[in-house]
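Below: the structure, in structure tokens.
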Amino acid sequence: ERPRDQDRAFQATREGRSMPLPMIERRVLPGMGDADYLGPEFNGRTYRLKFMRGGRVIWIDVDAATGRVVGRSGN
């Protein structure tokens, strides 16, 4: 069985390879204005936060270890 995103994120945080998701969210959400936050994905190195604004999807990629935004797609 393949581990779920939240299980991988928990393990990475426990091992010190990742910041906790709430800390990542506190850094990113204020800059997203009126966009609706739909939730995260985690791939082991980055969190990908999904937002919706005016019918368009916006992805914000964040380095899990540093909390730095490393990519953005959509508007």
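The values are calculated or read from the model by the stated rules, or taken from the named source; none is laboratory data. None of the values given here were measured: they were computed from a predicted structure. Cβ: placed from backbone, ideal geometry, glycine included. Neighbour counts: every protein chain shown. These accessible areas exclude ligands, DNA and RNA; they are computed on the full protein's heavy atoms, side chains included. Shrake-Rupley method; radii C 1.70, N 1.55, O 1.52, S 1.80 Å.
Annotations
- In the chain, GluC sites (Glu not before Pro) in a DSSP loop with at most 11 other beta-carbon atoms within 10 Å: E1, E15
- Of all accessible heavy-atom area on the chain, the percent that carbon and sulfur account for (1.4 Å): 49 percent
- With protein chains left intact and a 1.4 Å probe, residues in the chain average 67 Å² of accessible area per residue.
- Using the Stokes-Einstein relation with a Kirkwood hydrodynamic radius computed over Cα pairs, the translational diffusion coefficient of the chain at 4 °C and a viscosity of 1.567 mPa s comes to 103 µm²/s.
- Cα-centre dipole for the chain with unit charges at Cβ (Lys and Arg positive, Asp and Glu negative), debye to 20: 140 debye
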